[in-house]
Every structure is written in structure tokens, then in C-alpha cells.
Protein chains: 2
Amino acid sequence: MKLKLLYTCMALTGLAASAFAQEPVDAAAVAKIREEGLNHSKVMDIAFNITDVSGPRLSNSPGLKRAQDWAVNQLKEWGLANAKLEAWGKFGKGWEVQKNYAAITVPYYHAIIAIPKAWTPGTNGAIKGEVVLVKADSIADLEKYKGNLAGKVVIFDTKPLTERSFKPDASRYTDEELDKMAQATAAPRGGNRNNAFDPNSPMMVARRKMIAMRAAMSTFFVEQKVGLILSQARGTDGTVFTTNGASYADTAKAVAPELETSSEDFQRILRLVKAGKKVEMEADVKTEFFTKDLQGYNVLAEIPGTDKKLKDQVIMIGGHFDSWHAGTGATDNAAGSAVMMEAMRILKAIGFKPKRTIRIGLWSSEEQGLYGSRGYVANHLGDPKTMELKPEHAKLDAYYNLDNGTGKIRGVYLQGDSLAGPIFKAWLEPFKDLGATTITVGNTGGTDHLSYDALGLPGFQFIQDGIDYNTRTHHSNQDTYERLIEDDLKQAATIVASFVYHTSERKDMIPRKELPKAAPAR
Amino acid sequence: MKLKLLYTCMALTGLAASAFAQEPVDAAAVAKIREEGLNHSKVMDIAFNITDVSGPRLSNSPGLKRAQDWAVNQLKEWGLANAKLEAWGKFGKGWEVQKNYAAITVPYYHAIIAIPKAWTPGTNGAIKGEVVLVKADSIADLEKYKGNLAGKVVIFDTKPLTERSFKPDASRYTDEELDKMAQATAAPRGGNRNNAFDPNSPMMVARRKMIAMRAAMSTFFVEQKVGLILSQARGTDGTVFTTNGASYADTAKAVAPELETSSEDFQRILRLVKAGKKVEMEADVKTEFFTKDLQGYNVLAEIPGTDKKLKDQVIMIGGHFDSWHAGTGATDNAAGSAVMMEAMRILKAIGFKPKRTIRIGLWSSEEQGLYGSRGYVANHLGDPKTMELKPEHAKLDAYYNLDNGTGKIRGVYLQGDSLAGPIFKAWLEPFKDLGATTITVGNTGGTDHLSYDALGLPGFQFIQDGIDYNTRTHHSNQDTYERLIEDDLKQAATIVASFVYHTSERKDMIPRKELPKAAPAR
């Protein structure tokens, strides 16, 4: 009964949309996709396997490999073709945490909340040491610590974080915010990472100085045999945002062990030391590096096209599969990965035989610089620097990406491809009741659609409600399964499946922007 | 210049207040108190010593003893008389954490955020064990686990916590909320802990059954040599609210080691186990009991009265000094303790020679049942059960308490003592600009003013802005120094000092409610 009403509703909506945008919408297909995506979803089960079961998925870590192997098998099991891991190029070392313990022991016992920085070494067994506050504005300032830091715990004078608890962690886009996005007329400058800075600008000079200072300190601390470095993490209330503390390159220089420490624990230690109180700590941190295979891999699988003329044309969907190491990368980006896998599952489940080929790419090493998707693009589509294009470039219809957390889809960023606007507007019509309405010509940066956009290919990221992505989960130890909102992920997978369906069945490929120019040789 | 303007302002305010409420306000004294309290405050330094320097202050723990010794010395240093620790009666064992480490090791490594329940034993060295989900609705259900739990980690099927991050953690009272409080006409039933429940009510029968089940499980787990119990803590995002897991009585039965586990870590383990995945853990928890001195102690100190006729009359101020063990009890209740100490310091600093005696009491064992203040009251003032009163009862003018976190004072709960209303209304007048305006005849419960109220003595708790007390800090591992809002604590100390000043100089003592009746003998 519910299904039939829904179907009628969809049919009407479909007609209305077609009339408005002159772009056909297949209401029957939408109804089937909605029924499968909203009422028979597997998206939470997929997310459970990517997060809880696989664990953290840092690039080239065992956790990422577990998740990739699971995904390939799962995609095969659903009947997708050519499910495989594909090397995209050299990444570097894998790394994982195998023991993580640190506590204050003087003036009293207190176990701290702290996470090893990615690609840092461990303490080589249990250590005990006094905390030393190192104050150094220049390399010369380090001299006075020479010979005094062996086995010690080093901290730096760091400002307390500003309290923000009078505002909610989580929010959704308001109608006003969405209207404003819809009214944008030009694509603002996006997150394209090929933009060059003037190397002689004061900012770049200061930056080089800071990098040199950091490198000198890092070398000094290794020489001085520092036991452990504590740095203050972003985050409050037990939430610790993480980064890397060393390079993943197989040729990277040695660094000292370093823990990103919850702001509360860090500031307590700092206040005590600054007040002249002796603070001693104990710690036992073990990390392991994996150097056997330095290649990075993407997960790929497809539903082959069935139309003789169109099957060589390819629609791609994807999101990055790698994560940071302190949580299980639930919102960043198990969410997007699970939605994209679920979209493929939905299309298989409704028995869809697409005209064009539909391919999923679950990228690795996004967190270090979109490397997985850039590698795929370089190997298959062309070089964005020289704009030398490969034959597949002409056949790539569109790429849809999802990587902004657990929030439902509210619309699409056109990334400046205004010709796609009326098409997507029509395709969103049947999802008004689910809150997806907004088309903006604007850009969004920071993730894998940029790899396609850099080659002038239609690469899109959806607009998603932010929820607590920026305040609580993005790269933090709290990016775990419970942050996922089931209804939002179901909605997203349903909409993506419908977009892919319509892209595949469309008479023409998605219109493209002008090809970018090759970067000038330096 | 600022001072003079302030003084003039105060003088005007003082006159206005007197005219309104017929209750004298000493504007010159208020100006001096404001100057000292708002511009020369030591409240954050006091709070630093109670929290960071002393550590957690669980009843009879070494941390509480450190803080008590520091407080006695500090109060002496400020020139207070009779600063001392005074035993209030037998409490029980002290306890502290000396090592706290636990991690998942299978299916992958992840160190969890978890806190030993108070008064539970440790693991007796490092342990490793598989996680077992125990499902038992009755004592008979435990049979099937017999012989299978030795060295294992036991968890229970526990519902995930509801996400609440769309609301802010912290808030202040709105004008509407304060108006509503001010309009209350009768004191609602407060938190008086002498209220008896019908022992045959369904609630009490169910409660007895639950207690029996818990006791049987506890015994069973000890007999079965369970390695560790994990229970889900209240709290999200790395915040862990704590409780006790065993009695502090010297005769308490043995229990198994138990960690209150962050909801995210607990639910991850639970989801994996329920999905049939093997989960193994390692842990090393060490706790120590202190049984040499089972007495509980309060900190006392005073500014002796100087008026021949009035100096035997006593105004008391206080708050509890003990805390839970996972944080440093900053908002519960270093905040109130620091404010009360600072109020005493302000009065000494302005050279005040009070007519009546002013005494501070920093109570212990409030968290286990207001024991410190109840013990003081029983030893000095009378027995609330029999209403047998001691001579000091007639001389106790008023008791002011602070124990609702870091939020500034917004007014006073009259606790049904409506005769005190116009007096306090007048005394609040000079603090309108600091947000303190509201008098409510209503009650508030749950803390040490109840010990006085139970004997019919004027015992008051101030209305305070809640901030994030109920959502984030109250009894949690995040109840640390950074939760303290300096301006709020300064405001509170200033207002308390002024209240104490005016109580001391008042012609008459604060009017009392009718004496309560003795409880009927059972």
C-alpha cells in the first residue's frame, strides 16, 4: 500500500520535473530505486564492515587492506564485474599503532587521552621521564637544552583552546543558507591544489622559516634521545583530532615519538610545569611500519554497459576509502564509501542493465593529497599538468563523489559546469521530499572530484548537511560508527543511484566545461 | 577613576535598595568587596591548587588529603583562626587509581577510553582475554556461564546512548526562566533524603530484585575469576561519567575489576561481539585502598566575631571539597570550594572585623550522601531524626552553600524560608549589573545546605547558571580546570562575601522557618 502511493507520487513528480527542466526523469525507475534504497537498505551493514570490522584505514595500513579486501569480495558477491584492487603508483610506508599508553605519575596518577601522530615511532618499550617545557623561537635557542633531554617528555608552550560549548556541535543547512548557495553566480576559486604561490611572498618566506625550524627541532630531539613529545591536539571533551607527525616516504628521516594529546590533559600538564611543579610521566607506545609493498591501491568494480554504442562510455562514482588512524573514519569517509557501494548494490538489486558502464572507485591516500584518485586519473585519463589526454578521457561521462560526512544530500556543486545545472535540477525533483533541492554553480574543494575537474571532466561533489563533521568527527578519535545517521545515508545512496541511473540512460553525456590549459613550464 | 565611579554607583544603588526593601545595604562595604573580588581575585589560583595540583579528591583518598592540607595551610596563611581538619565520623576506605590501561587487540589494536569504577580492585597485573557478552535476566541464567569466564572480559547488552549534539552543551538561564523561578509561590518538595518510600510499592519491590540480582552477579563474577568487567559509561565524544562500583565500607565484599567505558568504545566492542566477531583485549589496572584511617574529615576555619553580644553567633559558608575520581572535580565542586575560600579571603583582605563569627566548612563525602556536612551538623547542632538540638543550634545564624558548577550566581533559593526573601532581595540589589537578581521561595536539593535545612536552620544554596554541568562535567573525566569560567567565579565570590558581610552586621539573625517535627519512630 505504502509502495503504491509512493509510486503514484513519484510519477506525478517526475512529470512535473520534466515539464520544468526539459530533462526526462524516469519516474518508474526512481520509485524502484527509492523502494530499494529507503526500505531495503544495507548501507549500515556496509558501514559497519568498513569501520568497526576493518578498524582505522590509514593509507597502506593493514586496516585499509582489510577493508579493501572486504570491499572487493562484497562487490563481487553483489555480482559486479571486474572487482579488483588496482595499483595507482608508489605511496610509501604503511603504519599502525600496536600499543598506546601514557600517564602522569607525579604529582599523582592520571592516564591521559592521547594518540600517536601518524608515521611516528614508538617509545621502544615502557619509559618513565620528567616533563620538560621547551621554549625555542630559533634554532639557537635549542642549545640550552643540549644534554638535558635524554629520556624526557618534551612539551611546548601552547595556548589553551577556546571553549565553544555554548554552540551545538551539529547542524544542518537552513533554507536561507541553501538559497544563498543556489544564488551564487560564479564558481569561486576552489580547492584546486595546482595553484601556485609566489615563492618570495612574506607568507611563503615565513612558511619556509617555520618548516626549517621544525626540521631542525625534529633532528635535535632525535639526537638528544628525547623519550616522548606531547603536542596539544585540536578538540575538547576527550575528542582528539589527529595528523601525521612524520613523512610516509620510505626515505623519511627518523623523528622522536610524539603523542597528540587531548587539550585538557595537555593544558593540565602545561599549567603544572609552568607553575614550577614537577611532573613525571610513564608511557609505552608501539607502532609498526610496513615497507614490503609501497604501492597504493584503489578498489574498482563495475556494472558493464549493455548498449552497443554507449557501453564504452563510463560513469564513475566514488569516494575515498582511506581514513586517519585514531577513529575508524566513519564520517571521513566510510560514510561516502558506504553510500557509493550501496548505490551500486541498489542498481544491481533492481536489475538495472545500464546503457553505459557504471564504475565505482574507492580511493586510497586521499588524506595525503588525493593520491589514489589522481593516480587513477593519470593512469587512465590524462595528465592535468601537460593536458596530454588518453583515449578514455573522451569516454568518461561524469564522476560523482561523496566525502563530506554523514549528512544527507541537499544538492550538487556544479563546480562551474553550469550546463549541467538544469539536468541535475530535474533529477533532484523527485527527492524534494527528502530535502535535496539545491543546485549551486559554486565549487567545493578538498576531495577527489578535483582530480577529474583538473582534466576538464565533469566531476561533482554533492552538497551535504554538515552535522558535526567540522566540530567533532573530521580526522578525530571520535569519528566512529555512532556518528553515522542511518536515514541520511539511505537518502544519499538513493539519490546517487538515481543520478547514476539517469546519467547512464541519458541520450548524451553530461556537458563539459572548456578544457583547462596546460600549466606553464617552470 | 574606575574605582571612584564604581563607588558612587554603589552608593546610589545601595540607597535605592534600602528604600525598596527596608533592609539596609552597606554601599561602602559592597564597593570594597567588589573591588577586591572583581579586580584582585585569587579564585583561579585557589581553584588551580584544588584541581590540577591536588588531583582527584575522592573521599578519603590521598588526593583529598593533599587538597585538605593545602586548604588548611592557605586559610591559616590568610590569617583565619582555628583552621583545622575536624573528624566528622567514620567514612570508610580511601581508594585511588595507580594504573589504568585497556585496549582491544583483536580484530585490531585500539586503546579504549575507560575509567575504573571507584572502590573496585585492579587486574593484579597485565591481563589478556576474550570478550564475552553475558546475557542474564535472572540468577539462574548465570549457570550457563559457569566455568567459562575465568580471565575473560565481561560485557552486557546495553543500549547505545542517544545522540544530543544538535543542542549546545552549555547554557545560561534566560530571563523567562528566572522570572518563572521568581514567581514560584510554594517550596516544591526538595531533595530531603529523609523522605521514606513505601517498602511494598512495585517500584521498591523491583528495586530490591535488581539489587539482589546485581549482588548475585557480583559474587558470581568474583567466584568465576572474571578478568575484567566493562560497563558503558554515560557520556559521548570521549567524555566518561563515573560512579562507584563497590562499597567504601571496610567490611565491603570483594568485587571484580570494572571499567566504566566510553560509550563509543563500549558500543564498538558490543557491535563486534553481537555480530559474532572475536574480540580480545589486554588491560592493566592497579588501584590501591587506604584503610589506616577510616575517619572522614572536614576543613574548618573562621574569622572570629568582635561584637561582645553577637560573636557567639555563627554564619557558616561552605561547599563540598570531595569529588569523583576521573577528572579533578573542577565544577563539582572545586568551583564552589574556591568561591567560598575566596569569599573568606576577600573579607580578610578588606580588613573586615565582623560582629558575628564567620566560619567556612569544606565538607568531605558529599558525593556518597552529604556525610561531611551531616556529620558536622550531628556533632555540633543536633539530630534531625529526633530533633534533639544542641546549644550551638540557637547560635547558628545562616548557612550559605555553593555546589552547582562554575556558573555565576543568578539569585538564591529560599528553601521555603519566605521571611528571608525581602532581606536577600535587598542584598542582591547592588549586583543587578552582574546578573544576580532572582529570589525564589523554591527548593533545590542534592547538596549540603540540606543538612542544615533538615534541622530547621536557614540553609541556602545559590541559583547558578548551569553552563555544561549536567551535560558534560558533573562526575565526568572532563570535570577539569578549563571548565571553570573566571568571571563567573569572581562574581560568585564577590556576592557571597557581601551576603556574609551583611548577615554578620545585621541587627537580627536571619529569620527561621518553623522547626521540623521529629521523624516517627519505626
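Key figures for this structure:
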{"item": "Pick from region B:235-280, criterion basic (Lys, Arg), touching a residue at least 40 places away in the same chain (Cβ under 8 Å) and assigned to a loop (DSSP other than H, G, I, E, B), ranking: least open to solvent (accessible area, probe 1.4 Å)", "result": "B:Lys277"}
{"item": "Residue match in region A:161-179 (condition: closer than 30 Å to B:His110 by Cβ, without any contact (Cβ under 8 Å) to a residue 24 or more places away in the chain, open to solvent by 40 Å² or more (accessible area, probe 1.4 Å) and part of a strand (DSSP E or B))", "result": "yes"}
{"item": "Hits in region B:342-379 (condition: within 21 Å of B:Gly329 (Cα to Cα), in a strand (DSSP E or B) and either open to solvent by 10 Å² or more (accessible area, probe 1.4 Å) or of a type in the set (Phe, Trp, Tyr) (or both))", "result": "B:Trp363"}
{"item": "Single match in B:Thr328, B:Thr306 (criterion: away from chain A (no Cβ under 14 Å), in a loop (DSSP other than H, G, I, E, B) and either polar (S, T, N, Q) or under 20 Å from the mean Cα position of the chain (by Cα) (or both))", "result": "B:Thr306"}
{"item": "Candidate set: region B:451-503, residues that are among the aliphatic types (A, V, I, L, M) and open to solvent by 10 Å² or more (accessible area, probe 1.4 Å); chosen: the one farthest from the other protein chains (Cβ to nearest Cβ)", "result": "B:Ala454"}
{"item": "Test: residue in region B:49-66 that is more than 27 Å from A:Ile115 (Cα to Cα), of a type in the set (Val, Ile, Thr) and under 18 Å from the mean Cα position of the chain (by Cα)", "result": "yes"}
{"item": "Failed item, numbered, when B:Ile317 is tested on (1) assigned to a helix (DSSP H, G or I); (2) of a type in the set (Val, Ile, Thr); (3) more than 14 Å from chain A (Cβ to nearest Cβ)", "result": "(1)"}
{"item": "Residues that are on the phi < 0 side of the Ramachandran plot and away from every other protein chain (no Cβ under 11 Å), drawn from region B:48-63", "result": "B:Ile50, B:Leu58, B:Ser59"}
{"item": "Flag for B:Ala436 being over 29 Å from B:Gln22 (Cα atoms), part of a loop (DSSP other than H, G, I, E, B) and of a type outside the set (Ser, Thr, Tyr)", "result": "no"}
{"item": "Index of the failed condition, B:Lys292 passing every other in (1) within 23 Å of B:Phe220 (Cα to Cα); (2) more than 10 Å from every other protein chain (Cβ to nearest Cβ); (3) surrounded by fewer than 22 Cβ atoms within 10 Å (Cβ to Cβ)", "result": "(1)"}
{"item": "Residue within region B:429-448 that is open to solvent by 30 Å² or more (accessible area, probe 1.4 Å), β-branched (Val, Ile, Thr) and touching a residue at least 60 places away in the same chain (Cβ under 8 Å) present", "result": "yes"}
{"item": "Count of region A:245-288 residues which are more than 30 Å from the chain's Cα centre (by Cα) and more than 12 Å from chain B (Cβ to nearest Cβ)", "result": "2"}
{"item": "Options B:Gly122, B:Gly129, B:Gly37; residue that is under 25 Å from the mean Cα position of the chain (by Cα) and modelled with pLDDT of 95 or more", "result": "B:Gly37"}
{"item": "Number of positions in region B:380-404 that are open to solvent by less than 60 Å² (accessible area, probe 1.4 Å) and either outside any strand (DSSP E or B) or not assigned by TED's automatic domain parsing to the domain that holds B:Phe321 (or both)", "result": "8"}
{"item": "Region A:61-75, residues that are farther than 10 Å from A:Leu300 by Cα, open to solvent by 10 Å² or more (accessible area, probe 1.4 Å) and touching a strand residue (DSSP E or B) at 6+ places or on another chain (Cβ under 9 Å)", "result": "A:Pro62, A:Lys65, A:Asp69, A:Asn73, A:Gln74"}
{"item": "Among residues of region B:301-331, those that are under 24 Å from B:Phe48 (Cα atoms) and surrounded by fewer than 24 Cβ atoms within 10 Å (Cβ to Cβ), counted", "result": "2"}
{"item": "Residue within region B:103-116 that is more than 30 Å from A:Ile50 (Cβ to Cβ) and open to solvent by less than 40 Å² (accessible area, probe 1.4 Å) present", "result": "yes"}
{"item": "Subset tally (residues that are among the hydrophobic types (A, V, I, L, M, F, W, C) and within 13 Å of chain B (Cβ to nearest Cβ)) for region A:28-45", "result": "1"}
{"item": "Any hit, region A:76-86, residues being surrounded by 23 or more Cβ atoms within 10 Å (Cβ to Cβ) and under 27 Å from the mean Cα position of the chain (by Cα)", "result": "yes"}
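Each row is one residue, and each column tells you yes or no for (1) part of a strand (DSSP E or B); (2) β-branched (Val, Ile, Thr); (3) without any contact (Cβ under 8 Å) to a residue 40 or more places away in the chain.
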| site | (1), (2), (3) |
| --- | --- |
| B:Ile115 | yes, yes, no |
| B:Thr120 | no, yes, no |
| B:Gly125 | no, no, no |
| B:Lys128 | yes, no, no |
| B:Val131 | yes, yes, no |
| B:Gly147 | no, no, no |
| B:Ile155 | yes, yes, no |
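The values are calculated or read from the model by the stated rules, or taken from the named source; none is laboratory data. No experiment lies behind these values; they were computed from the predicted model shown. Here Cβ is always computed from backbone atoms with ideal geometry, including for glycine, and neighbour counts include all displayed protein chains. We work out accessible area using only protein heavy atoms, side chains counted, and drop any ligands, DNA or RNA first. Shrake-Rupley method; radii C 1.70, N 1.55, O 1.52, S 1.80 Å.
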